[in-house]
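First comes the structure, then the notes that go with it.
The values are calculated or read from the model by the stated rules, or taken from the named source; none is laboratory data. These numbers come from a predicted model, not from an experiment. Cβ placement follows ideal geometry from the backbone for every residue including glycine, while neighbour counts extend to all protein chains displayed. The accessibility values were calculated without ligands, DNA or RNA, using every heavy atom of the protein model including side chains. Shrake-Rupley method; radii C 1.70, N 1.55, O 1.52, S 1.80 Å.
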Amino acid sequence: MIVEFGHYALVLAFAMTLVQSVVPLWGALTKDERLMAVAAPVSVVMFLLVLMSFVVLTISYLNSDFSVLNVLENSHSAKPLLYKFTGVWGNHEGSMLLWVLILVFFGALVGAFGGNLPSDLKATTLAVQGWVSAGFILFLLATSNPFNRVVNPPLEGADLNPILQDIGLAIHPPLLYIGYVGFSITFSFAVAALILGRIDAAWARWVRPWTLLAWCFLTLGIAMGSYWAYYELGWGGWWFWDPVENASFMPWLAGTALLHSAIVMEKREALKVWTVLLAIFTFSLSLLGTFLVRSGVLTSVHAFATDPARGVFILTLLCLFVGGSLALYAWRAPMLKQGGIFAPISREGGLVLNNLFLTAATAAVFVGTLYPLALDVVTGEKISVGAPFFNLTFGPLMVPLLIAVPFGPVLSWKRGDLLAAAQRLYAAMGLALLLTLFTFWLWGMEKVLAPLGVGLAVWVMAGAVSEIVTRVKFFEIGPKRGFARLVGLPGSAWGTALAHFGVGVTVLGIVTASAFQEERIETMRPGDTVDLAGYQVTFDGAAPRRGPNFTEEVGHFTIRQGGVHVADLDPSKRVYTARQMPTTEAGIHTIGFSQLYLSMGEGRGDGAVDVRVYFKPLITLIWIGCVIMSLGALFSMADRRLRVGAPKPAAKRKTASLAAAE
Amino acid sequence: MFRPIAASIILLAGLFVAPGFAVTPDEVLKDPALEARARELSAELRCMVCQNQSIDDSDAPLAKDLRVLVRERLVAGDSNSEVIDYLVSRYGEFVLLKPRFAWHTMVLWAAGPLALIAGLIAIFLTLRRRNAQAGQVPYAPQTKLSCDEERRLKALLEDTDKI
């Protein structure tokens, strides 16, 4: 009964999206305040209805209600409680329901806290959000209904794919989806601006915090996924340029560009039209990602052709939204007023350069991801595009961008002085050079690119630090007043510095972990010892063990350094009972920022096993950098001047009330 | 057979993935220089029954066969490009993770640089047009404020000082 209740709530939510799609927009176009006022309460009701159906699905999972097809196919009564809960979004239907839940949640946020928006902009934005919601709720109801029942329910379910029974993957999708779907709000704002034919100050003020929020979560989501792949898949890779990774990476790249162009728009009223286009692109790439992943087109073009219902539906939605918004853009954008002019060498110019490289990189990844599909469809020829291709095409685009990063924040608005900017960065340049030489000294000329990469990373990090230090004139005014000014810096300044610093940290991790990794592949008998990077790894033997829904063979290894015990590692090979599926659990020991990574392979009889041991120098910096970047986004969002729904500045309010008094 | 792919894939696509344990100790060549070349080549060759996975990363039996084959050719004295040519002649271009530069991959290889050049041209044209429209150097001072605007600015500035 309760399941039908959830189903009904979802149908009702669909009806609400239809109201939302039409009524407020009609009101905005006919300047009818009463019709526009419908938008806010309906957005909240929509959210509550979808939330209700999501809760119902969650309850079915927690109760192991196998009369629901979705629960039957993806759950098991012996599954730990945590994974019963997270298993809700560990399958197609459930994860789409989560997608829709986040979509309507963002709509409700605008509805509830958008009080300081012009009423027509708010109404139109919510109407556009309503179209997207209508499309995806219909997709759920028509092709991916999570509430379908089974006539004669079996006693036991098929269990969740064991590889998803992991805390990392439990929180990865919600983070990723908040990022993906968060860009829907900027998209709706952009389309609303095009419909209304104007981009006012409120638009500019609203776009940046929303982009920051989405970007922050997308960054965390991608980093989480990468770390999960690293520790769960068993050979220590952390990025594979897989189409599905690219599907989340493209909105991230475009979103990063959007974030930067929104700064120009907000501060200088320039690049408005371009920002609108980027907002459309970013969400379009999110939709494309959803299509790629959900339609099965990636596995094979032919698999997609044989069971096309879902794929065609999302493809239609994709074409409608992307085509529609781009057509609207082509029609309306020329009418939008261009603002603020600037010299090529200026903060604006730097941000344009950033956009140029990020957009080109997005294009490279886009073509690399879709080209094999397109070629297969058009000519039937099959080619593969993998990591070596992307490293070669994407990498060179990032190098000039990274070199330019420290210059951006030290250039002044409108018209900058490159030489003066460079002077503020002398210390950073010196440090980068020093560390490049140090790395050369440490590793020799064997790997020429790696020390340069280290130098580049240090340059980005030191550039961010020196931006902050020179900004408060730390050395001119003495440390005491310097600290006071440091604390008083606006959140957005801290945000920029942190985010750029994080980029440097990630680059450093990528360079050192790829170039200086050490690896041993050995067959080890109990008692055998392997030497690696100054550590001795001894295999003590393996023993079977039982988990709640799996059995495993656990190996015991002792790590010593110069005879001194450092750590014990217990990597294992698991077999999940319900699906008879094997997984590996790597043994990882963190030393500073570096990690010792141990993974067990096949047994060779008489107690011997194949073992892979890696030493990955500074690898954790890859993900720490991502966390620092998202922290930067949070700082920037906390900036009083940009806060979502922040009250108008006191001065303005005062003049306004004075004017009213007169 | 199996394809350990990245995080999101499994969840989003619902694909089956099994952990990989690729190069096994018995495959490793004695000569470290040859082995290093073998690893380098393996990273660029696709495990044809996997999704987007190199033979260096895959534990599929076919990937193992290919790894052994690559090593055999290297031991026989083939150069890197000869090994690649041999594999392409046997398995087709699908085996290469980095497609060759040819007419049918032109768009693929040129996409990034082309986007960059197109962007540069677009920026250049926009700047020129805008400067022409403005009829002035881009950073020339704007026209002076009117008396009324000056007064309002002063009032606003004083107002801000009080906060």
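Restricting the range A:406-426 to residues that are open to solvent by 30 Å² or more (accessible area, probe 1.4 Å) and in contact (Cβ under 8 Å) with a residue 12 or more places away in the chain leaves a set whose member that is nearest to residue A:366 (Cα to Cα) is A:407. Restricting attention to the range A:386-415, which residues are among the aliphatic types (A, V, I, L, M) and at pLDDT 90 or above? If the condition is that a residue be among the aliphatic types (A, V, I, L, M) and at pLDDT 90 or above, then A:392, A:397, A:398, A:399, A:401, A:402, A:403, A:404, A:405 are the ones that fit.
When you check residue B:158 against the structure, is it within 11 Å of another protein chain (Cβ to nearest Cβ), over 29 Å from residue A:376 (Cβ atoms) and either modelled with pLDDT of 90 or more or open to solvent by 90 Å² or more (accessible area, probe 1.4 Å) (or both), yes or no? Taking the combined requirement at face value, the residue satisfies it.
Among the residues making up the range A:388-405, a single one is under 21 Å from the mean Cα position of the chain (by Cα), within 26 Å of residue B:48 (Cβ to Cβ) and open to solvent by 30 Å² or more (accessible area, probe 1.4 Å): A:391.
Is it fair to say residue A:521 is part of a helix (DSSP H, G or I), crowded, with 17+ Cβ neighbours inside 10 Å and of a type in the set (Val, Ile, Thr)? Considered against the rule, which asks whether it is part of a helix (DSSP H, G or I), crowded, with 17+ Cβ neighbours inside 10 Å and of a type in the set (Val, Ile, Thr), residue A:521 comes out as no. Collect the residues in the range B:80-134 that are free of Cβ contacts under 8 Å to residues at least 40 places away in the same chain and charged (D, E, K, R), keeping them in residue-number order. Of everything in the range B:80-134, those that are free of Cβ contacts under 8 Å to residues at least 40 places away in the same chain and charged (D, E, K, R) turn out to be B:82, B:85, B:90, B:93, B:100, B:128, B:129, B:130. Can we say residue A:360 is of a type in the set (Gly, Ala, Ser), more than 26 Å from the chain's Cα centre (by Cα) and open to solvent by less than 20 Å² (accessible area, probe 1.4 Å)? So residue A:360 fails the test. Kindly indicate whether residue A:58 is free of Cβ contacts under 8 Å to residues at least 40 places away in the same chain, within 30 Å of residue A:153 (Cα to Cα) and either of a type in the set (Val, Ile, Thr) or open to solvent by less than 60 Å² (accessible area, probe 1.4 Å) (or both). Spelling it out, residue A:58 is indeed free of Cβ contacts under 8 Å to residues at least 40 places away in the same chain, within 30 Å of residue A:153 (Cα to Cα) and either of a type in the set (Val, Ile, Thr) or open to solvent by less than 60 Å² (accessible area, probe 1.4 Å) (or both). Within the set A:120, A:166, A:159, the sole residue that is at positive phi and either of a type in the set (Lys, Arg) or in contact (Cβ under 8 Å) with a residue 12 or more places away in the chain (or both) turns out to be A:159. Taking each residue of the range B:64-77 that is open to solvent by less than 60 Å² (accessible area, probe 1.4 Å) and looking for partners that are among the β-branched types (Val, Ile, Thr) and outside any helix (DSSP H, G or I) with beta-carbon atoms closer than 8 Å, six or more apart or interchain, yields B:66/B:55; B:67/B:23; B:67/B:55; B:70/B:55. For the range A:239-256, filtering for residues that are part of a helix (DSSP H, G or I), touching a residue at least 40 places away in the same chain (Cβ under 8 Å) and within 9 Å of another protein chain (Cβ to nearest Cβ) leaves 4.
For residue A:346, the conditions (1) touching a residue at least 60 places away in the same chain (Cβ under 8 Å); (2) open to solvent by 30 Å² or more (accessible area, probe 1.4 Å); (3) within 14 Å of chain B (Cβ to nearest Cβ) all hold with the exception of (2). Within the range A:583-614, the set of residues being within 12 Å of chain B (Cβ to nearest Cβ) and of a type outside the set (A, V, I, L, M, F, W, C) comprises A:583, A:584, A:585, A:599, A:601, A:602, A:603, A:604, A:610, A:612. Name the residues in the range A:228-238 that are within 7 Å of chain B (Cβ to nearest Cβ), buried (at least 24 other Cβ atoms within 10 Å of the Cβ) and at pLDDT 80 or above, would you? If the condition is that a residue be within 7 Å of chain B (Cβ to nearest Cβ), buried (at least 24 other Cβ atoms within 10 Å of the Cβ) and at pLDDT 80 or above, then A:228, A:229 are the ones that fit. Here A:627, A:609 are screened, and the one residue that is at pLDDT below 90 and of a type in the set (A, V, I, L, M) is A:609. In the range A:581-603, the condition of being more than 30 Å from residue A:453 (Cβ to Cβ), open to solvent by 10 Å² or more (accessible area, probe 1.4 Å), in a loop (DSSP other than H, G, I, E, B) and touching a Pro at 6+ places or on another chain (Cβ under 9 Å) is met by no residue. Here the condition is being at pLDDT 90 or above, crowded, with 24+ Cβ neighbours inside 10 Å and either farther than 26 Å from residue A:215 by Cβ or more than 14 Å from chain B (Cβ to nearest Cβ) (or both); of A:185, A:195, it holds for A:185 alone.
Among the residues of the range A:55-92, the one identified as within 19 Å of residue A:163 (Cβ to Cβ) and acidic (Asp, Glu) is A:73. Against the definition (more than 27 Å from residue A:114 (Cα to Cα), open to solvent by less than 10 Å² (accessible area, probe 1.4 Å), touching a residue at least 24 places away in the same chain (Cβ under 8 Å) and within 10 Å of another protein chain (Cβ to nearest Cβ)), how does residue A:140 come out, yes or no? The answer is no for residue A:140. Would you be able to say whether some residue in the range A:288-300 is modelled with pLDDT of 90 or more and surrounded by fewer than 24 Cβ atoms within 10 Å (Cβ to Cβ)? Among the residues of the range A:288-300, at least one is modelled with pLDDT of 90 or more and surrounded by fewer than 24 Cβ atoms within 10 Å (Cβ to Cβ), which makes the answer yes. Contact map, the range A:209-238: residues that are on the phi > 0 side of the Ramachandran plot paired with residues that are aromatic (Phe, Trp, Tyr), Cβ distance under 9 Å, separation 6+ or inter-chain. Pairs shown: A:234/B:21; A:236/A:230; A:236/A:597; A:236/A:614. Got at least one residue in the range A:26-35 being more than 17 Å from residue A:108 (Cβ to Cβ) and touching a Phe, Trp or Tyr at 6+ places or on another chain (Cβ under 9 Å)? Checked against the condition, which is being more than 17 Å from residue A:108 (Cβ to Cβ) and touching a Phe, Trp or Tyr at 6+ places or on another chain (Cβ under 9 Å), the range A:26-35 yields at least one hit.
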